[in-house]
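To start, the structure under review is shown below, and the notes come after it.
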Amino acid sequence: MKRSLLVFITLISLTSFSQDYEIGMNVVKNDLLNTSYAADSSAEAVIIYDYGNAYFNKNNWKLNVEFKRKIKILSKEGLNYGQLEIPLFIGANSRENIKDINVRIYNLDGGEVKVSTMEKDAVYREKNENWEIVRLVFPNVKVGSIITYSYTKTTSFVSKFQQWYFQHNIPTLYSEFNASIPGNYEYHIKLVGGLPLKENTSNIEYNCLVAGRGANANCAVYKYIMTDIPAYREEKFTTTRENYIAKIEYELSVVKQFTGQVKKITKSWSDVDDELKSDKDFGRLINRKNLVKHLLPAVITSITDDKEKAKAIYQYVLNNYKWNKKSGIYDSSIKRLLENKSGNAVEINLLLQNILHSEGFEAYPMLISTRQNGLATKVYPVLTDFNYVIVKLIIGEDTILIDATTPYLSFGELPIRCLNQYGRVFDVNYGSYWESTIPKNYSSTQIGVKYKLNENNQLTGTLNRGITGYSAHNYKKLFNENTTAYKEALKNEFNNSLVSSHKVLSKSIQDKRFVEQIELIHDEEFVGDKIYFNPFVYRFFNENPFKLELRTYPIDFGYKQAYLYSMEVDLGDKLKVMEIPGDSNFALPNKAGLVSVSFQNTGSKLTVFLRIKFDKAIYDAGYYDALKSFMSKIIELQNNSIIVLQKT
């Protein structure tokens, strides 16, 4: 609700730009004369009108979906919208079809409106086992063109009714979707994304469909309208676009036959739990002590400390069974994993759960949806939303989420792909429940630098870098998989400094902390007896990742982050400080993050300290402008903090 309100306030503050174009399929000369879209000057094209109407055919009860769209091409990049691909599903006994294709291209020629139509040979079809792709290639599309097209899709596949996207990669001035649903079908209807509907109405159409022997159905008729919809542009720190792009989704819940028979399609979690218990790829693979009997060596089974024993079991699975990069949610066999020593994520993590359970631990499988798979809906059970399994382990009062597929994780860390807010824990005895996967601890990067002036009048010293938690994963992976490439890349990480030596102090790739020691020679020289010195020889951020004018979806880092930087320059009797920046502090709204920097000169020592904190793993879209400004200030601070040192 909070996100919707913030975005709503942002949108209503904009002028409605639909007045610049004719809404509807009619094209007027002014549409062609317009050369830009004032609300988004970077848009390569704009959808002026987007219309959908989904209803059941009175004669054959098939779902018909009418599509109509009008697009303005604003730049060369927008010429990509000069063709359209329409996917049609092919089932075992039925398939989707398309009819009534109508395409018109409008251009100005000598001040006159010229209309081109698409020939039948501009329709191309490609087919595989499950899909046919119908590709339409529009003629005479230029910068400035208006394209209108319409078609109707017919389908017998009604479990998802018809998904409708209000938002696209380019701005949309007007989007309308109409749905007529007979009383025989009940759907769960879900509006996704934070953008508000301008219109949301419903009414009843009586006797909309007629069956044999006098049977008939009434239809619920819905109308949804959005206007002035910004483009959905992907940027860093997000999950899949399907989580947040403005759309409406349907999930068939109940089918009522004219005979009076009622078929429940969407079940309760209690019903789903019962089904999962007997599922051959899941429930039947849980708590199977016989499968893992005598698997562990005595050196592990004899450990008396519970946490150390759990760590050893985790490490045993990690060391002995290799992940094949597949999820395996619908194809799992622990026996196959034990034979091949390689398997999918479900097999590996269910093996881990079985071993932990056999050793007396309270361990449960947990169904999740990965970041690129989208958020699992909490409104009603949809098992196809889940594509991965991890393990929930309880030791005393501690809850630990684990995954044994990736060697660079520490015990109690999940792969970043798994940090998608929540999952569903499956308890065979007491049923399933939701559990958060958002890490509670900060992942940190800590830099400590000590410099002094050597006999060659160069600033030299040691930089220690310690990286913990999720921030350390890529460093551990890159260093261990290609040390040469890692050290080569290291040469470019430090501002105005040369790397003279490097060593890693961490003992294991499973250590929570990745620690390195780097010897540096400052590359800037004295001008006369002075040096203009930027103390931030290592910069946490090289550029601002937030560049959009408007972002309508959350900023999802996955985990909370902290950055600490300290520098100590030994002035001794060789140097003195002539100029030094002032201290500075700034923060995000609601204490959601902070920056604190201080510069101190004691006469014998110069000390610089910088602290940056992001106190949320996920920031609502309403924070975007504040985060953008916050990051700009950090970049400015790193790049333009200058200390003037003078030789004595």
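The values are calculated or read from the model by the stated rules, or taken from the named source; none is laboratory data. Just so you know, these numbers come straight off a predicted model, no measurement behind them. Virtual Cβ from ideal backbone geometry, glycine too; neighbours counted across all protein chains shown. Accessible surface areas use protein heavy atoms only, side chains included; no ligands, DNA or RNA. Shrake-Rupley method; radii C 1.70, N 1.55, O 1.52, S 1.80 Å.
At least 1 residues being closer than 16 Å to Gln458 by Cα and among the polar types (S, T, N, Q) is the threshold, and among the strands (runs of 3 or more DSSP E) wholly inside the stretch 494-564 those reaching it are 497-504. The number of residues in the stretch 511-521 that are open to solvent by 40 Å² or more (accessible area, probe 1.4 Å) and within 33 Å of the chain's Cα centre (by Cα) comes to 3. Among the residues of the stretch 417-474, those that are of a type in the set (Val, Ile, Thr), surrounded by 18 or more Cβ atoms within 10 Å (Cβ to Cβ) and closer than 23 Å to Tyr563 by Cβ comprise Thr445, Ile447, Val449, Ile467, Thr468. Could you list, in sequence order, the residues of the stretch 363-375 that are out of contact with any Lys or Arg (no Cβ under 9 Å at 6 or more places or on another chain) and either crowded, with 24+ Cβ neighbours inside 10 Å or among the charged types (D, E, K, R) (or both)? Passing the criteria: only Ser369.
Scanning the stretch 603-646 for residues being among the aliphatic types (A, V, I, L, M), open to solvent by 40 Å² or more (accessible area, probe 1.4 Å) and assigned to a strand (DSSP E or B) gives a total of 1. Is at least one residue of the stretch 114-125 open to solvent by 20 Å² or more (accessible area, probe 1.4 Å) and under 33 Å from the mean Cα position of the chain (by Cα)? Yes, some residue in the stretch 114-125 is open to solvent by 20 Å² or more (accessible area, probe 1.4 Å) and under 33 Å from the mean Cα position of the chain (by Cα). For Gly593, indicate whether it is free of Cβ contacts under 8 Å to residues at least 60 places away in the same chain, open to solvent by less than 10 Å² (accessible area, probe 1.4 Å) and farther than 23 Å from Val537 by Cα. Judged against the criteria, Gly593 is a match. Cβ-Cβ distances below 6 Å connect no pair with a first residue in the stretch 139-161 that is free of Cβ contacts under 8 Å to residues at least 12 places away in the same chain and farther than 30 Å from Tyr37 by Cα, a second residue that is surrounded by 15 or more Cβ atoms within 10 Å (Cβ to Cβ) and of a type in the set (Phe, Trp, Tyr), and a separation of six or more residues or different chains.
Per the listing Lys280, Lys263, Lys325, Lys293, the residue uniquely at pLDDT below 95, open to solvent by 50 Å² or more (accessible area, probe 1.4 Å) and on the phi > 0 side of the Ramachandran plot is Lys325. Examine the stretch 287-308 for a residue that is of a type in the set (Ser, Thr, Tyr), farther than 30 Å from Ile189 by Cβ and under 29 Å from the mean Cα position of the chain (by Cα), and state whether such a residue exists. No, the conditions are met nowhere in the stretch 287-308. Checking the stated criteria, Lys440 turns out to be outside any strand (DSSP E or B) and either at pLDDT 95 or above or more than 30 Å from Leu606 (Cα to Cα) (or both).
The set of residues in the stretch 468-493 being hydroxyl-bearing (Ser, Thr, Tyr), within 28 Å of Gln458 (Cα to Cα) and out of contact with any Phe, Trp or Tyr (no Cβ under 6 Å at 6 or more places or on another chain) consists of Thr484 alone. The residues of the stretch 565-583 that are among the aliphatic types (A, V, I, L, M), in a loop (DSSP other than H, G, I, E, B) and open to solvent by 30 Å² or more (accessible area, probe 1.4 Å) amount to a single one, Ile580. Name the single residue that is nearest to Tyr185 (Cα to Cα) among those in the stretch 31-61 being part of a strand (DSSP E or B) and either of a type in the set (Val, Ile, Thr) or open to solvent by less than 30 Å² (accessible area, probe 1.4 Å) (or both). Ranking the candidates gives Phe56 first.
Does Asn64 fit the bill of being open to solvent by 50 Å² or more (accessible area, probe 1.4 Å), within 14 Å of Ser150 (Cα to Cα) and touching a residue at least 24 places away in the same chain (Cβ under 8 Å)? When the stated conditions are applied, Asn64 does not pass them.
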